[in-house]
Every structure is written in structure tokens, then in C-alpha cells.
Amino acid sequence: THPIIIAIDGHSSCGKSTMAKDLAQAIGYVYVDTGAMYRAVTLYSIRRGLWQGEKLDTETLRREMEQVRITFRLNPETKLPETYLNGENVEREIRGMEVSAKVSPIATLDFVREAMVREQQAMGEARGIVMDGRDIGTTVFPQAEMKVFVTARPEVRAQRRLDELRSKGDTTTTFEAVLTNLQERDRIDSTRAVSPLRQAEDAIVLDNSEITIPEQKAWLLKRFEEIT
Ligand code: C5P
């Protein structure tokens, strides 16, 4: 069977990337985490000092956008892709709370989205790809053969995200801070003018609040086999 494009979209912290990673590995596809790309642009804006409190110097970012080069390289040990910003591995830094707090405003900017979507479409040209994000099934690859829309209850998502932060050594962020951050991101992502987060009409919905990771993987593999 010929390789297809798999789009996985959904709310913040509902395990989209675990899901996309697992599936890609099982079927030998390339995995692309598009949230990491918006996070890397956000890190660039923070490091460049483009923020005054809540206010971003949008015009400078617009002018410098073509200097922001985001790439992925496989970590030889974990075999997982890691995010590079202008040649530097920023995989760890882009997952922190500072980037999380600013990424959704950055992701509302039309010129940022245009640049990211263009790169994502180029990465998918060879097909055989699993891409996760917010607008993959609606904007990046409306023609994707398999589209999954993932969700879970906010409290479940906050707990998972907190566990992840703890496992990476963050001992200070609270459950409430994580919950507030992800609800705020959902709100901004769903109400923005350009490519808002929404379920594609032809997407299959998965609420993973009550299912385990192996169950989720089996569910995905079954859908994949049905389609291919
Ligand atoms: O997937 P992750 O939670 O890492 O994404 C971080 C943020 O990037 C999201 O909250 C959203 O604002 C933005 N994003 C987006 N479009 C995508 C992927 C992520 O707007 N395709």
C-alpha cells in the first residue's frame, strides 16, 4: 500500500504527541511535532527580547521571521526527533512554562503560521508522515487520508502535563498553574482568526480520558489498517 498522511489534532496536553510518536514508530512513518515549531519561534522571540511584559514587538518578529530556521534531528539514543533552532538543540527549553505561556499568542500571528505551514507541507511531500498539531487536518493537509481529533477532560490533561514536568525535574509548577495555562491556550487556539483549532468534518474523534496508552495505540493501529 502507498504511504499516507496522518493528521492528529486536538486540545493542549491530551497526549497527541505520545500518540503520534507511538503510531509513527509502529508503522515506520516520520513523526512531526508542529507544536514544537511554534514553541521554537516563541523561544526565539523571548531570547531576542521582543516581549515587554505581555506585549510583543510583532513588527520586529515579522522582519526577522526568515532568519528563524527550525529543523528536527533524530536523537541517536532515543531515536526520537529533537527540535533545533538555528542549529541549536532547544528540545528541553521549548517545553518549559515560560514558552508555554507565550506560545499561543505567537501562534495567532498570520506570518508565523504561513511560514510554519509552508515548511510542514514540504515535510509531508514524501508522505508516510504522522503530524500532530491544531490545524493539520483542516489547513496543512486537508487531503490527509487519516484524521484524528483527540481530546480529554481538562483535569486529566493537567495531571498528565504536571507528571511530565515533574519527571523532567520541575518541582515548583502547581496543578492549578498547569490547568490555567492549558485552558487559556485552548481558548486562544479555538478563537483565533487564522486556522483556529477545530475538528475537521472527516476526522475521527478520540476522547482518551479513560483509556491507557496501549489501548490508544491499538485503537489507532486498527483505524490505520482500516484505511490503508
Ligand atoms: O502541541 P503543543 O501544545 O506543544 O503546541 C503549543 C502551542 O502551539 C499550542 O497551544 C498552539 O497555540 C500552537 N500550535 C498551533 N498550531 C499547531 C501546533 C501548535 O497553533 N499546528
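The values are calculated or read from the model by the stated rules, or taken from the named source; none is laboratory data. The structure presented is a predicted model; accordingly, all values stated were derived computationally and were not measured. Cβ atoms come from the backbone with ideal geometry, glycine included; neighbour counts cover every protein chain shown. Each accessible area value is taken on the protein alone, full model and side chains, heavy atoms only, with ligands, DNA and RNA left out. Shrake-Rupley method; radii C 1.70, N 1.55, O 1.52, S 1.80 Å.
Brief remarks on what is shown
- Rounded to the nearest 10 degrees, the angle from helix 154-167 to the longest Cα principal axis of the chain is 70 degrees.
- Whole-Hz ³J(HN,Hα) from phi, Karplus 6.51 cos²θ - 1.76 cosθ + 1.60, for the range 53-65, glycine and proline x: x, 8, 9, 9, 7, 5, 5, 5, 4, 4, 5, 8, 3
- Longest site-free stretch - the chain; sites: GluC sites (Glu not before Pro), DSSP loop, at most 12 other Cβ within 10 Å: 126-200
- Two-site label geometry, R73 and S167: point separation in nm, points 7 Å out along Cα→Cβ: 2.5
- Under 5 Å, built H, 5+ apart or other chain: amide partners of Y31: V130
- Distance from the range 1-55 to the range 180-228 (C-alpha centre basis), Å: 13
- Three-way shape label, the range 160-228, alpha-carbon gyration tensor, a/c 1.5: oblate
- Helix 97-106 vs. the chain, principal-axis angle (Cα, 0 to 90°, nearest 10): 90
- Counting only protein heavy atoms and a 1.4 Å probe, the range 118-228 has 52 square angstrom of accessible area per residue.
- Positive-end residue of Q143, Q159, T228, charge dipole of the range 121-228 with Cβ unit charges: Q159
- Helix-only mean residue ellipticity at 222 nm for the chain, each DSSP H run of n ≥ 4 adding -39500 (n - 2.57), per residue, nearest 500: -14500 deg cm²/dmol
- Three-way shape label, the range 61-153, alpha-carbon gyration tensor, a/c 1.5: rounded
- Hull volume in cubic angstrom per residue (convex hull over the Cα atoms of the range 76-228): 151
- Unit charges at the beta carbon, dipole of the range 1-86: most positive-side option, T42, I8, V30: T42
- Accessible surface of the chain [probe 1.4 Å, protein heavy atoms]: carbon and sulfur percent: 51
- Shown here for the range 46-108: trypsin sites (Lys or Arg not before Pro) in loop regions (DSSP other than H, G, I, E, B) with at most 15 other Cβ atoms within 10 Å, namely R48, R69, K79, R92.
- Amide H within-cut-off set for L80, under 5 Å, with H built and near neighbours excluded: N75
- Compared with the alpha-carbon gap, the fully stretched path from Q121 to R187 is longer by 21.2 nm at 0.36 nm per residue.
- Under the convention that each Lys and Arg Cβ holds +1 and each Asp and Glu Cβ holds -1, the size of the dipole of the range 1-157 around its Cα centre is about 160 debye.
- Derived scalar couplings between HN and Hα for the range 215-228 equal 5, 5, 5, 5, 4, 5, 5, 5, 4, 4, 5, 5, 7, 8 Hz in order, rounded to whole Hz, by the Karplus curve 6.51 cos²θ - 1.76 cosθ + 1.60 (θ = phi - 60°), x for Gly and Pro.
- Rounded to the nearest Hz, the phi-derived 3J(HN,Hα) couplings of the range 75-81 under the Karplus curve 6.51 cos²θ - 1.76 cosθ + 1.60 (θ = phi - 60°) are 6, x, 7, 7, 6, 9, x, where x marks glycine and proline.
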